[in-house]
Each structure stands twice: as structure tokens, then as C-alpha cells.
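Structure record follows, encoded as C-alpha cells.
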Amino acid sequence: MALYLVQHGKNTPKDQDPEQHLSAQGRQEVQRIAEVAGALNLPLQRIQHSPKARAKETAEIFASSLKPAQGIQEREGIKALDDVTSIAPELNGDQDLMLVGHLPFLERLCTYLITGYQEPSVIAFQNGGIVCLEQDPEYGNWRIRWTLLPSVV
């Protein structure tokens, strides 16, 4: 199983848009990353996103390129300040999953899965980027397989 962690794309400022939808730049960067990821033919079963508009919009862009077999769905428990220890036990080698959420949650989840601690962070996320983790089938530990970041692509 691969676990794809995605920080939502760049959003509009709250004083201009209280719901903080994706900005034009955010949409463009997410689209570019989604197209590159789509060319990789990732075997993705589903995409889950936080209830925030910017996460949903990011998930929809990825879904259009990756075509997850089970589609996309909103998920509670992956907002910025949610507890990573409540979701971590659910993540196992059953299927390829993409989570679209927020910082610091994603950095804490990634670090927790790899080290068993939430800090210090093992990787710096970027808006619209993907951090791919894989779980070792023999030992069950998680490791970073690859990243795809807007500043690189």
C-alpha cells in the first residue's frame, strides 16, 4: 500500500475569502502536480479530504487526473490541529489512499508513522505537493518512498 499525503493548494487570504478557496496560483500548481502524478499511473483506490473548501478543491483536481477507483470523500479527523494518533491505527496495507489536508497535521502524521513521535518533523510539506509513504509488508514500518513538490516540478 502507498499512502499519499497532500497539503491543499495555496488558498486565497481569509480577509478576501472567508472560506479560503484555492487561489489561481494554487489551482495551477495543483493541476501541474496532478498531471505529473497521473502520468505515473498511481494505483489509487480513493481520495479523502478534510471538510475545508481548499482541501476539497485540491482533492477534486487530483481525482480528475488520478481517477481513484472509489472516488473522493470528505473525512473528519484530518484538519490542521486534529490528533494524528486517532487516524494512524486505521492506516494499513489494504489499499492505496490519498489524504488531502492541512499543516501541521500532515507533517505530524508523516513523522508519527515513520518515527512513532510527532515532532520534530521529518519532512517539509509544500502546498499542492505529494509525499508518498509505503508500509514495509514484512515489518509494518512506514518510510518515505518519494515526493513530488511544486518547487521541483
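The values are calculated or read from the model by the stated rules, or taken from the named source; none is laboratory data. All figures in this text were calculated on a predicted structure; none of them were measured in a lab. Here the Cβ positions follow ideal geometry from the backbone for every residue, glycine too, while neighbour counts run over all protein chains shown.
Which condition number does residue 128 fail, the rest of (1) among the small types (Gly, Ala, Ser); (2) closer than 16 Å to residue 37 by Cα; (3) touching a residue at least 24 places away in the same chain (Cβ under 8 Å); (4) in a helix (DSSP H, G or I) being met?
(4)
For segment 103-125, enumerate the residues that are under 22 Å from residue 32 (Cβ atoms) and small (Gly, Ala, Ser).
If the condition is that a residue be under 22 Å from residue 32 (Cβ atoms) and small (Gly, Ala, Ser), then 124 is the only one that fits.
Surrounded by fewer than 19 Cβ atoms within 10 Å (Cβ to Cβ), modelled with pLDDT of 95 or more and farther than 22 Å from residue 35 by Cβ: is that true of residue 139 in this structure?
No, not satisfied.
Of all residues in segment 1-45, count the ones that are small (Gly, Ala, Ser), in contact with a Gly (Cβ under 9 Å, 6 or more places away or on another chain) and either over 25 Å from residue 146 (Cα atoms) or free of Cβ contacts under 8 Å to residues at least 40 places away in the same chain (or both). Spell out the reasoning first.
Taking segment 1-45 first, the residues small (Gly, Ala, Ser) are 2, 9, 23-24, 26, 34, 37-39.
Add one more test, that the residue is in contact with a Gly (Cβ under 9 Å, 6 or more places away or on another chain), and what stays is 9, 23, 26, 34.
Filter again for either over 25 Å from residue 146 (Cα atoms) or free of Cβ contacts under 8 Å to residues at least 40 places away in the same chain (or both), leaving 23, 34.
Total meeting the criteria: 2.
Which residues, counting only those in segment 75-113, are in contact with a Ser or Thr (Cβ under 8 Å, 6 or more places away or on another chain) and under 12 Å from residue 4 (Cα atoms)?
100, 101, 110
Matching residues to (1) more than 30 Å from residue 19 (Cβ to Cβ); (2) polar (S, T, N, Q); (3) touching a Phe, Trp or Tyr at 6+ places or on another chain (Cβ under 9 Å):
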{"residue": "60", "(1), (2), (3)": "no, no, no"}
{"residue": "65", "(1), (2), (3)": "no, yes, no"}
{"residue": "114", "(1), (2), (3)": "yes, no, yes"}
{"residue": "120", "(1), (2), (3)": "yes, no, no"}
{"residue": "123", "(1), (2), (3)": "no, no, no"}
{"residue": "141", "(1), (2), (3)": "yes, yes, no"}
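Please list, ordered by residue number, the helices (runs of 4 or more DSSP H) wholly in segment 30-117 having 2 or more residues that are buried (at least 18 other Cβ atoms within 10 Å of the Cβ) and aromatic (Phe, Trp, Tyr).
Qualifying helices (runs of 4 or more DSSP H): 105-115.
For segment 4-29, how many residues meet the condition of being within 14 Å of residue 129 (Cβ to Cβ), among the charged types (D, E, K, R) and not in a helix (DSSP H, G or I)?
1
Given the structure, is residue 84 among the aliphatic types (A, V, I, L, M) and either touching a residue at least 40 places away in the same chain (Cβ under 8 Å) or farther than 17 Å from residue 48 by Cα (or both)?
no
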